[in-house]
Amino acid sequence: MNGGVSVHVVDIASGRAAQGLHLSIALPGGAPIAQGVIDAGGQWAGLADMNALFGVGVYEVRLQVAQFYRQLDTELPEIPFIDELVYRFGIGDAQAHYHLPFKITAWGVSCFRGGA
């Protein structure tokens, strides 16, 4: 895969894909330029069709973590530890592919640039 961004999200608390998690990508402080939902395979289906949106620049992936866990009936405090996770990343080469594999729980997150 050349260029663009892909996202994979796993709920490591259950050991499964974070199916149903809502997320978006935006320019810092701006409105979303792409919005989606994680599918049963843990992928943001359809994001590859939006590769033209991602040139050189800085972006934010916004994951609705608390909403996802509340949909699973996970008991969270009124003010959750992680509500909307904002992960800022940069694209320095528009021809390269940027894969963001997130591992989440209601209490923590891990991500790195995969597939580089």
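Quick note: the coordinates plus some simple rules give every number you see, no bench work behind them. The structure displayed is predicted, hence computed values, not measured ones. Positions of Cβ are backbone-derived with ideal geometry, glycine not excepted, and every protein chain shown enters the neighbour counts.
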message = Test of understanding: what is the full-extension gain from residue 33 to residue 13, defined as 0.36 nm times their sequence separation minus their Cα-Cα distance?
response = 4.2 nm
task = Would you mind getting me the FRET efficiency between residue 58 and residue 83? Use the beta-carbon distance for r and R0 = 25 Å, nearest 0.05.
result = 0.70
Spin-label pair residue 105/residue 72, simplified geometry with 7 Å Cα→Cβ offset, distance in nm = 1.1
inquiry  = Amide H of residue 96 versus every other amide H placed in the peptide plane: which residues, excluding those fewer than 5 positions away on the same chain, fall under 5 Å?
reply    = 3
key: Stretch gain in nm, segment residue 94-residue 50, where the contour uses 0.36 nm per residue and the Cα spacing is subtracted   = 14.5 nm
task = Please provide three numbers in whole Å: the alpha-carbon extents of the chain along the principal axes, with the largest listed first.
result = 42, 29, 21
key: Selection of GluC sites (Glu not before Pro), the range 46-116, meeting DSSP coil and at most 12 other Cβ within 10 Å   = 75, 78
